[in-house]
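Notes for the one structure printed next.
The values are calculated or read from the model by the stated rules, or taken from the named source; none is laboratory data. If you're wondering where the values come from, they're calculated on a predicted model, not measured in any experiment. Because the Cβ atoms are built from the backbone with ideal geometry, glycine has one as well, and the counts that use them run over all protein chains shown. Surface accessibility is based on the protein's heavy atoms, side chains included, excluding ligands, DNA and RNA. Shrake-Rupley method; radii C 1.70, N 1.55, O 1.52, S 1.80 Å.
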Amino acid sequence: MNQTENADMVYGVHAVTEALQANTGNKLYIQDDLRGKNVEKIKDLAAEKKVSISWTPKKTLSDMTNAAVHQGFVLRVSDFAYAEFEAILKKAEQEENPLILILDGLNDPHNFGSILRTADATNVTGIIIPKHRAVGVTPVVAKTSTGAVEHVPVARVTNLSQTLDKLKEAGFWVFGTDMNGTPSHKWNTAGKLALIIGNEGKGISANIKKQVDEMITIPMAGHVQSLNASVAAAILMYEVFRNRK
């Protein structure tokens, strides 16, 4: 799906339901010959949220979503509401062992969506992404996250390096992932944590690497040199989650 075009739509039963519940829906398109409990449920939810419904032929819905799997439901939404970085910091202050994820130039919306899903499951405080040269919250991200995008605050910042400085001032330890670092099962996850997940191919950028307090390595015994970004992120999120009392 083209990320700039149609960036104001979500589709599929789950993504549409979550967006309606989060009050971000503007107009709902339902396949005109669709029947069943999902139709009734989503129709009632749209009515409750005062979102207008347009009964639309399947072909039109496919055109609207560039032939994505829409399950007969397409919702026009307002732009994704990014959180303020300060709001995530404030949220962290109320938590005993906060974990903030920093995605350094992640490009794959499916990876981002999966990371959001695990972040929701492991009570991650928030996610910070750069404004440039990285994927934002697109419809594909929202759909892959299966609704988690409505529950995990995501902040977009112009300068990741300055943001890391602010996190350090607020008492956060900054961690990165690398081939040669502390094995993840020996990682001391106490205190305030900021974890940087690098780009799918290039890893963490050189200038950001300089600000890392400690590198963490996921031990691997096979022939492959690295894990998928969302899998690596999930293992480390669960490591923090597991160590919380």
task: Could you please tell me the mean projected area of the C-alpha convex hull for the chain, averaged over all directions and given in square nanometres to one decimal?
output: 14.5
- prompt: What fraction, in whole percent, of alpha-carbon pairs in segment 176-245 exceed 15 Å separation?
  reply: 52
Listed residues 99, 109, 89: farthest to the positive end of the dipole of segment 80-131 (Cβ charges): 109
query: Once the mean 1/r over all distinct Cα pairs of segment 63-108 is inverted, what Kirkwood radius in angstroms do you read off?
result: 14.6
query: Binning every alpha carbon pair distance of segment 99-177 at 10 Å from zero, what are the percents per bin?
result: 19, 52, 26, 2
query: Where both partners of a DSSP beta bridge lie in the chain, what percent of those bridges are antiparallel, to the nearest 5?
result: 25
- request: Give me the orientation-averaged projected area of the Cα convex hull of segment 19-149, in nm², one decimal.
  value: 9.2
query: Which cross-chain or sequence-distant (5 or more) residues have an amide H under 5 Å from the amide H of residue 77, H modelled 1.01 Å from N in plane?
result: 9, 10, 26
field: Helix-only mean residue ellipticity at 222 nm for the chain, each DSSP H run of n ≥ 4 adding -39500 (n - 2.57), per residue, nearest 500
entry: -10000 deg cm²/dmol
message: Under a Cβ-only charge scheme (Lys and Arg +1, Asp and Glu -1), can you give me the dipole magnitude of the chain about the Cα centre, in debye to the nearest 20?
response: 200
Cα point-scatterer Debye curve for segment 91-233, base-10 log of I(q)/I(0) at q = 0.14, 0.16, 0.17, 0.21 Å⁻¹: -0.62, -0.83, -0.95, -1.48
message: Treating segment 163-207 as a set of equal point scatterers at the Cα positions, no solvent, please give the Debye-formula log₁₀ I(q)/I(0) at q = 0.20, 0.22, 0.23, 0.29 Å⁻¹.
response: -0.76, -0.88, -0.94, -1.15
field: Probe 1.4 Å - accessible area at residue 8, Å² to nearest ten
entry: 50
field: Computed magnitude of the charge dipole of segment 133-245 (debye, nearest 20; Cβ of K, R +1, Cβ of D, E -1)
entry: 120
